[in-house]
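The values are calculated or read from the model by the stated rules, or taken from the named source; none is laboratory data. Fair warning: this is a prediction, and the values are worked out from it, not measured in the lab. FYI the Cβ positions are ideal-geometry reconstructions off the backbone, even for glycines, and counts take in every protein chain you see. The accessibility values were calculated without ligands, DNA or RNA, using every heavy atom of the protein model including side chains. Shrake-Rupley method; radii C 1.70, N 1.55, O 1.52, S 1.80 Å.
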Amino acid sequence: MDSLDISTDMETRMGRRRAVAFALLAIVQSTLIFTIALIMIPLPIIAEGFALTEAEVLLLQVSYGLPFSGLLLFGGRLTDRYGTRRMFVLGLVLFGAASLGAALTPGYAALTILRAVQGVGGAMVAPAALGLVRGLHPDPAGFGRAMAVWGGVSVLGAVLGFITSGMVAEFVNWRWMFAVPIAVSLLGLAGCAGLLPATGRAVAGPEATRPGLDLPGALLATSGIALASFGLIASNDAGWGSILTVGPLAAGAVLLLAFVLAERRRRDPLLPPDFLCNPLRLAGLGGVLLAAAISVLIEYALLVYLQQTRGWTPFETAASFLPFAVALIGTNSIAAAIVGRIGAERTMAAGFLTAALGLAALAFLEPGTDYPTVLLPAQILVAVGIALVFAGAAVLSMAHVPPWQMGLAGGVMNTAMELGPTVGFSLLMAVAATAADSVAGYARAFGTAAATYTLFALIALAIAGRRGRAPE
């Protein structure tokens, strides 16, 4: 065997190893989002078993998502300071241990606390996982292709969590729903030994200095995001005039304003103000937020519609989303090729328009709307569309990010992904509340979403026209 054959063989083996490592990271990332949706369908069963009040149900519902979304920026800073692999391992240990504890917990208080600990671990893992993806694909072209696939991973996790929770609610005890986070945590830790790149701390720039932790900024950002998110979530049940909504929203807004003002004066801020000034990055983050919002809207609205209006069982409702998941997987498998051919902005625009068609069909939702001829094709169109939006948006969100800011970029992108289901979804549900009944309200929300997606498709096309193709 000559040297050329040896070199080719080594490149093939390295390529396979990268593919397996990327698949492992994608499974971990999807599980972090999977864990948010996991509790959605079994929540009434848990509430009945623990005799929970309405306020306790709400707190349990948000106990994972609030610390997860609130701590992502700080998790990104920890990744940039201490290294991707180290934070990935520490976060997975915390996430997995909390998942095991939640499965065995005897009561409501412990379950709520352990769900919050899961969220803390997830906020450490998500930015680190993205940094490890960069370590696997150090060249810009390879990293761009990886990001096009990565974009659809999270929404797939949310849908699979929704489907799994429905199966669990139908056949086994709800505690078994934590088996997936436990197993994936063990799988991720095992993969660290031989698959994932052994990275040290990130280099913090040309001066090779370690970024400061900015604890005051982290406290302001975490508290502000968590309180504002809680207020938005509470608005869905308590209404916009309730103190449960207005109080947290006002406090969160004040803290976030204080965060912005404080960051402008710090020498080494948690979120550098100029980081969000890149128009490509802003467009990408907007796409991530909108795609996440619609994925939750279609899950929640059709969940309520199919179970309460049509009388479907949790199992039947969950099974009805299997085509949605298949369409996501299929589109995600070709997303990188599409981004490479037409560019990230045009891919995002195509996704917005495709999803808008499905949402427009759902805007005519009625109590007797047929599933095979209306709901099913609309689901597939929305799934294909948001997969394309996520693919293009993920590439744009990470455009021109230097290696020493990969943790920051991962934290910001994941924060946008978590704000979608709170900000976007809550606003759309406020639109739904203006209708006379729930079905008409969901139809109105879908129509508003279709118009919004069409508008953002035009914006994405305008950006593409002015800038040409984004770097893939």
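Numbers at a glance
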| read-out | value |
| --- | --- |
| For the chain: rounded, prolate or oblate by the Cα gyration tensor [a/c cutoff 1.5] | rounded |
| Whole-number percent relative contact order across region 331-389, with pairs defined as alpha carbons under 8 Å at least 6 apart | 52 |
| Span from the region 383-448 Cα centroid across to the region 132-182 one, whole angstrom | 16 |
| Cα→Cβ-extended label distance, 7 Å offset, between VAL304 and PHE171, nm | 2.9 |
| MRE, 222 nm, helices only [DSSP H, n ≥ 4, -39500 (n - 2.57), over the chain, to nearest 500] | -26500 deg cm²/dmol |
| Mean separation of Cα contacts under 8 Å (6+ apart) over length of region 79-235, as relative contact order % | 39 |
| Contact order relative to length of region 19-142, as percent, for alpha carbon pairs under 8 angstrom and 6 or more apart | 34 |
| Additional length obtainable on full extension of the chain from LEU186 to ALA251, 0.36 nm per residue less Cα span | 19.5 nm |
| At R0 = 51 Å, FRET efficiency that the Cβ-Cβ distance of TRP240 and ALA319 yields, to 0.05 | 0.90 |
| Theoretical gain in end-to-end length, ILE329 to ARG16 [0.36 nm per residue, Cα-Cα removed] | 110.6 nm |
| Cα-based helix-to-principal-axis angle, 344-362 vs the chain, degrees rounded to 10 | 10 |
| Relative packing of peptides 229-240, 123-134 - highest average C-beta neighbours within 10 Å first | 123-134, 229-240 |
| Surface share of carbon and sulfur [accessible, 1.4 angstrom probe, percent] for region 333-472 | 68 |
| Of all accessible heavy-atom area on region 48-150, the percent that carbon and sulfur account for (1.4 Å) | 70 |
| Protection proxy ranking, peptides 156-169, 16-29, 346-359, average beta carbon neighbours within 10 Å, highest first | 346-359, 156-169, 16-29 |
